Amino acid sequence: MAECGRKALSLLEAARSRYESLQISDDVFGESGDDSSDNPFYSTSGDSDSDNYIAEVGEHEQQHHQHHHHPKRGDKDCGHSGGSGGGSGGGSSGPPGSLTRSQAEEEGWTETLQDVTVPPYKETYGPAQRMPATATALDFFQLFVPDNCIQNMVTQTNMYAKKFQERFGSEEGWCPVTAQEMKAFLGFVISTSVHRCESVLSIWSSGFFSNRSIALKMSQSRFEKILKYFHIVAFRPSQGSNQGLYKIQPFLDSLQQSFSCTFRPSQTQVLHEPLIDEDPVFITTCTERDLRKRKKRKFSLWVRQCTSTGFICQISVHLKEGQGTDGLATLKNKPQLHSLVAKQLCQNISGKNAIIFTGPSITSLGLFSEFSKQDIYCCGLLSTRKSDCTGLPQSMLVCSSTPAKRGQSRVMMKGSMSLISWYNKGHFRFITNAYSPTKEGVIIKRKSGEIPCPLAVEAFAAHLSYICKYDDKYSKYFIFHKPNKTWQQVFWLSISIAINNAYILYKMSDAYAVKRYSRAQFGERLVRELLDLDDCSPTQGMEINTEQT
């Protein structure tokens, strides 16, 4: 018994050593327990659900296709089974674009496996500049939203107010907004990410969400006037703009440039849609009438995210309705749309030997082959329902009539590209050219023991489980203010992303050694600094830190 325990621990340590870059992982928010530096995928506790991750991905990606499953398990993607099964593919048509056995052989698919090696990463990982130990929360935030960006908000807001009042009549008591007021305005709205106000106006109320400590900095009347006229771009440019996003595009471009200039991601990155839906507490407590009043989002947001820290390196906003000049609005085919989004997100990492993890909506042989020509390596979860299966062997996409054993896998290769079918209470399929199909990995859970798998499966689950943990916490600190206009929704969402990125840079700086703020404390400090309140010196908060440490 003791020998089995020692073997399990040695396998656990070997698996962890493969993902040393994830050591910052769960502690990125400064709110975890003593062993928060552990890789979140490899569990050392008996009640962990870490080996459920792949099934949970299946549940998230294929939720509306569920037919029969174990509790907390995702849909078993059995492909288009209806014939003799995975061995021959006979009697099964397979997903659209998939290949019969003879076609697959002609295209170069083979069960003969060969080693695959990814060249070293051509980038230095980490913050691009060293921040001083005295840097404040506002200093980190202004790496992404600097004074000139705030001054532009001032100029455009005043221009819009002037034009509006020329057309509809002057407003009594209005005077042009100043840069100091604009910072305070941002601070008030950002405070809803910390205190979860149902309305930003609750700050000035006498109810539960009132906040007298900051309410005295500006009157509610003045705040509402600024909110009424707030703009990033006051007037539509004559040409060369994304029609649907012209009111925010310059800010998104500036934010994107600052993301690229301030941080260099690790070799492993993920393309996905982060959690940006309504707060779950609101959904479970509101009435049906409240839900009907909340309009469905008219945009989707895709990101490229560093899997070692959670830093969001690049964002792509796609309007679900209306016209756009980026070509996305004209695409009705979802795989084509997601493929184009992926290309946009990865245009700055070609030639660096980065490894990209993708979900079923992006994963396809065609896209991965195109990326490989740009020295971008991929590992993606495949769904016969959601993915573009063009060029893949049908025999790998349908379930065999013979029951598979847990941990059993099959692999076929075409050049350096591997197609993996792995069974873990359901069939899961992957395409990759980033991990050798001849190398074995393991998923470890003390309750269930060791589950063998190809190394690509282990790597996918290890990195994606961290991103899921990050997003679960990340969503708690979204700005809770919910405007009706789409461009404003995108703006405040982008500000939320910028604050989380600022906190990651803070965690990796010398300033964190001086003031070990949690994510919530960092948000509170940022609000007070934007409002220019008195207790914002670098030495403040040491009493809290003493208690925490």
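The values are calculated or read from the model by the stated rules, or taken from the named source; none is laboratory data. Source: prediction; values computed, not measured. Please note: Cβ atoms are built from the backbone with ideal geometry, for glycine as well, and neighbour counts cover all protein chains shown. The area values use the complete protein model at the heavy-atom level, side chains included, leaving out ligands, DNA and RNA. Shrake-Rupley method; radii C 1.70, N 1.55, O 1.52, S 1.80 Å.
List the residues of region 375-399 whose backbone N lies under 19 Å from a point placed 7 Å from the Cα of Thr112 along the Cα-to-Cβ direction.
393
Would you mind getting me the FRET efficiency between Gln180 and Lys343? Use the beta-carbon distance for r and R0 = 51 Å, nearest 0.05. Intermediate values should be presented prior to the final figure.
Details: r = 42 Å, r/R0 = 0.82.
It comes to 0.75.
Quick check: the distance between the Cα centres of region 167-209 and region 331-390, to the nearest angstrom?
42
Taking 7 Å along the Cα-to-C-beta vector as the label spot, tell me the Glu370-Tyr125 distance in nanometres, rounded to one decimal.
2.8
With the cut-off at 1.5 for a/c, could you classify region 422-489 from its C-alpha gyration tensor as rounded, prolate or oblate? Each step should come with its number before you reach the end.
On the way: a/c = 3.35, a/b = 2.27, b/c = 1.47.
The shape class here is prolate.
Ignoring any ligand, DNA or RNA, what whole percent of the accessible area of region 467-517 comes from carbon and sulfur when the probe is 1.4 angstrom?
On region 467-517, the fraction of accessible area on carbon and sulfur atoms equals 49 percent.
Could you do me a favour and compute the accessible area per residue for region 344-391, 1.4 Å probe, result in Å²? Display every interim value, and only then the final one.
Working: 1370 Å² over 48 residues.
For region 344-391, the per-residue accessible area is 28 Å².
Quick one: which residues, 5 or more positions from Val442 or on another chain, have an amide H under 5 Å from its amide H? H modelled 1.01 Å from N in the peptide plane, none for Pro or chain starts.
Under 5 Å from the amide H of Val442 lie the amide H atoms of Cys453, each far enough along the sequence or on another chain.
Highest first, please rank the peptides 504-514, 117-127 by the mean number of other Cβ atoms sitting within 10 Å of their residues.
Working: 504-514: 19.0, 117-127: 12.3.
Ranked from most to least packed, the peptides come out as 504-514, 117-127.
Which order do the peptides 361-372, 183-194 take when ranked by the mean count of other beta-carbon atoms within 10 Å per residue, highest first? Don't skip to the end; give the middle numbers.
Working: 361-372: 21.4, 183-194: 23.5.
Averaged packing, sorted descending, gives the order 183-194, 361-372.
What does the highest-first list of 95-107, 471-483, 220-232 look like by mean Cβ count within 10 Å? Mind dumping the intermediate values first?
Details: 95-107: 15.3, 471-483: 18.7, 220-232: 17.2.
With the highest mean Cβ count within 10 Å placed first, the list reads 471-483, 220-232, 95-107.
What residues have an amide H closer than 5 Å to that of Gln314, excluding those fewer than 5 places away on the same chain, when H is modeled at 1.01 Å from N in the peptide plane?
Arg304
I need the shape label for region 122-207. Rule: rounded when a/c is under 1.5, else prolate if a/b > b/c, else oblate, with a, b, c from the alpha carbon gyration tensor. Working shown, then result.
Numbers: a/c = 2.92, a/b = 1.60, b/c = 1.83.
The shape class here is oblate.
Give me the one-decimal nm value for the distance between modelled label points at Arg222 and Cys261, 7 Å along each residue's Cα-to-Cβ direction.
Here the modelled spin labels are 3.1 nm apart.
Percent of accessible area on region 91-227 owned by carbon and sulfur, 1.4 Å probe? Working shown, then result.
Details: 3760 of 7460 Å².
For region 91-227, the apolar C and S fraction of the accessible surface comes to 50 percent.
Could you report region 146-197's accessible area per residue, 1.4 Å probe, as an integer in Å²? Show your work: numbers first, answer last.
Numbers: 2590 Å² over 52 residues.
For region 146-197, the per-residue accessible area is 50 Å².
Could you check the spin-label model distance between Thr438 and Ser170? Points 7 Å from the Cα along Cα→Cβ, value in nm.
8.2
Which links in Lys183/Lys225; Lys247/Lys334; Lys298/Lys482; Lys162/Lys482 stretch past 21 Å when you go from one Cα to the other?
On the way: Lys183/Lys225 15 Å; Lys247/Lys334 26 Å; Lys298/Lys482 13 Å; Lys162/Lys482 25 Å.
Those over the limit are Lys247/Lys334; Lys162/Lys482.
Efficiency by 1/(1 + (r/R0)^6): what FRET value for Leu275 and Thr402, r their Cβ-Cβ distance, R0 = 51 Å, to the nearest 0.05? Walk me through the intermediate numbers first.
Numbers: r = 39 Å, r/R0 = 0.76.
The value I calculate is 0.85.
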